[in-house]
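Beneath this line is the structure, given in structure tokens, with notes to follow.
The values are calculated or read from the model by the stated rules, or taken from the named source; none is laboratory data. Keep in mind it's a predicted model, so treat the numbers as computed, not measured. Here the Cβ positions follow ideal geometry from the backbone for every residue, glycine too, while neighbour counts run over all protein chains shown. Ligands, DNA and RNA are excluded from the accessible area calculation, which covers all protein heavy atoms including side chains. Shrake-Rupley method; radii C 1.70, N 1.55, O 1.52, S 1.80 Å.
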Amino acid sequence: MKVDVILGLQWGDEGKGKIVDYLAEEYDIIARFQGGPNAGHTLVINGRKHVLHTIPSGIFRSGCLNLIGNGVVIDPTTLVKEIKALKEDGIPVEERLVIAKRANLILPTHKILDAASESAKGNSKIGSTLKGIGPTYMDKTGRNGLRIGDLLDEDFIVKYELLKNKHLSLIQIYQYDFELEDMEKEWFAAIEEIRKLNLVESTYFINDHIKNGKKILAEGAQGTMLDIDFGTYPFVTSSNTISAAVCTGLGISPKHIGEVIGITKAYCTRVGGGPFPSELNDETGEKIRQIGHEFGATTGRPRRCGWIDIPALKYACFLNGVTAIVITKMDILQQFEQFYAADKYVYDGKTTTELPFDMCKTAVAVTLQAFKNWGDNDITKDNLPDEVKTFIAWLENQLDVPVKWLSFGPEREKLVFLEG
Ligand code: GDP
Ligand code: IMO
Ligand code: MG
């Protein structure tokens, strides 16, 4: 059986959580393959809102196992809080959750380093979520990291102290005040809980399940434009967010990858610093933010808003090998009598759909295509308003990928499948 993938095509927050939760019903295993608690995936089930940071979005489905893969970085403190909140909602998390021993640990000092490094950047801040993501991936690739499996070693505390002391000397580079004691207390209490969970050599776990014909869905975090290699560097996250990362983040071969479902909002948002060619720094942008409730699920920060960005989506489609597209937040566009799509970039005297090497150094303007809204007409499978059909046909033509689902509300059931 192939492993299908769901991931974001923009700068994150495309609605991955909602779509994974919906599709999870058809899968046996949902697996996160990268990122960490910088992610905030929102699910609205029976009128109740849940935000997941590290736990895959299949956790509400009784038939699903949820794997936190080796490519993920885990903060025990956040994870234990997430588990507690889910258990209070009656979800038997321990039965449904499996964690890769190879996943790297976020230490309290990684979070302090993240905050210290950001504050030293002044005006050129990345806008990090300050969850310790960058410093943890740095230690991973620098071959200094601690992993979930290390929690089971008798000398774990020795390894911890070594790394912590290294961090403490690094923090001295910055003029940064911090309080470690309470964070550490909470962290050590949390690792006691983590040790009791189902910790596995996940490569065997997942490949055995593939061999046994189980259906697996890989859940991305962040979005293509935040990819460490292909995003708007340096205003990116510290992991590869594209479909290639499914192989390294779960330990599977490329031959096992099946459908790649890319999610885009019907418009575009980004949170934090960095280039955003179709951004609307005006009343329209503010209107999108208010109607679309565009405030971060992890940090609560206002998201920057703009029209859908076709050149960036084209790029995301070929980088990921997208086979089907989901468009979320169609209901928000409905509030605009006329809405737009940025179909081309203009820079260095040319009009193109190609992204420049360095978007941070290139002044990019956009050309816009106008579309009419569909009034109060509901979007249903059997009755797609003509204006919706026109917009979707145009997008499919631009991106050369079929649009298979339209989402028109945060709730699980507000999704329409477009056949053929
Ligand atoms: P993720 O990080 O990709 O999972 O997305 P987030 O959860 O950070 O942000 C998406 C937000 O949009 C959440 O508040 C969702 O509940 C909400 N949402 C998802 N799909 C729709 C939709 O079709 N319409 C509306 N109005 N909200 C949606
Ligand atoms: P989900 O999975 C939106 C952004 C941050 C910042 C940059 C680097 O919910 O889509 P980091 O904490 O990774 O060092 O921050 O990346 N960012 C996200 N933006 N959605 C996310 O995740 C994000 N995760 C990180 O705002 O600009
Ligand atoms: Mg999010």
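Which is under 19 Å from VAL236 (Cβ atoms), within 16 Å of ligand 1 (Cβ to nearest atom) and not in a strand (DSSP E or B), of GLY262, GLY272, GLY300? Step through it out loud before you land on a result.
Values: GLY262 fails: not in a strand (DSSP E or B); GLY300 fails: under 19 Å from VAL236 (Cβ atoms).
Exactly one of GLY262, GLY272, GLY300 is under 19 Å from VAL236 (Cβ atoms), within 16 Å of ligand 1 (Cβ to nearest atom) and not in a strand (DSSP E or B), namely GLY272.
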Restricting attention to segment 238-263, which residues are hydroxyl-bearing (Ser, Thr, Tyr), out of contact with any Cys (no Cβ under 7 Å at 6 or more places or on another chain) and open to solvent by 20 Å² or more (accessible area, probe 1.4 Å)? SER238, THR248
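Yes or no, residue by residue, for (1) more than 16 Å from GLN335 (Cβ to Cβ); (2) open to solvent by less than 30 Å² (accessible area, probe 1.4 Å); (3) of a type in the set (Lys, Arg); (4) not assigned by TED's automatic domain parsing to the domain that holds LYS404:
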| residue | (1), (2), (3), (4) |
| --- | --- |
| ASN281 | yes, no, no, no |
| GLN290 | no, no, no, no |
| PHE295 | yes, no, no, no |
| PRO311 | yes, yes, no, no |
Could you figure out which of (1) open to solvent by 10 Å² or more (accessible area, probe 1.4 Å); (2) farther than 28 Å from MET1 by Cα; (3) within 13 Å of ligand 3 (Cβ to nearest atom) isn't true of ILE45? (3)
Kindly establish whether THR129 is within 16 Å of ligand 1 (Cβ to nearest atom), under 26 Å from GLU179 (Cα atoms), outside any strand (DSSP E or B) and of a type outside the set (Phe, Trp, Tyr). yes
What number of residues within segment 297-308 satisfy the criterion of being within 28 Å of ASP343 (Cβ to Cβ) and within 14 Å of ligand 2 (Cβ to nearest atom)? 4
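Taking the condition open to solvent by 10 Å² or more (accessible area, probe 1.4 Å), more than 16 Å from ligand 3 (Cβ to nearest atom), polar (S, T, N, Q) and not in a loop (DSSP other than H, G, I, E, B), does SER62 pass? Talk me through it step by step, then tell me what you get.
Values: open to solvent by 10 Å² or more (accessible area, probe 1.4 Å): yes; more than 16 Å from ligand 3 (Cβ to nearest atom): yes; polar (S, T, N, Q): yes; not in a loop (DSSP other than H, G, I, E, B): no.
Criteria not met by SER62.
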Exactly one of ILE29, ILE55, ILE19 is away from ligand 1 (no atom under 15 Å from the Cβ) and either modelled with pLDDT of 95 or more or open to solvent by 10 Å² or more (accessible area, probe 1.4 Å) (or both), and that residue is ILE29
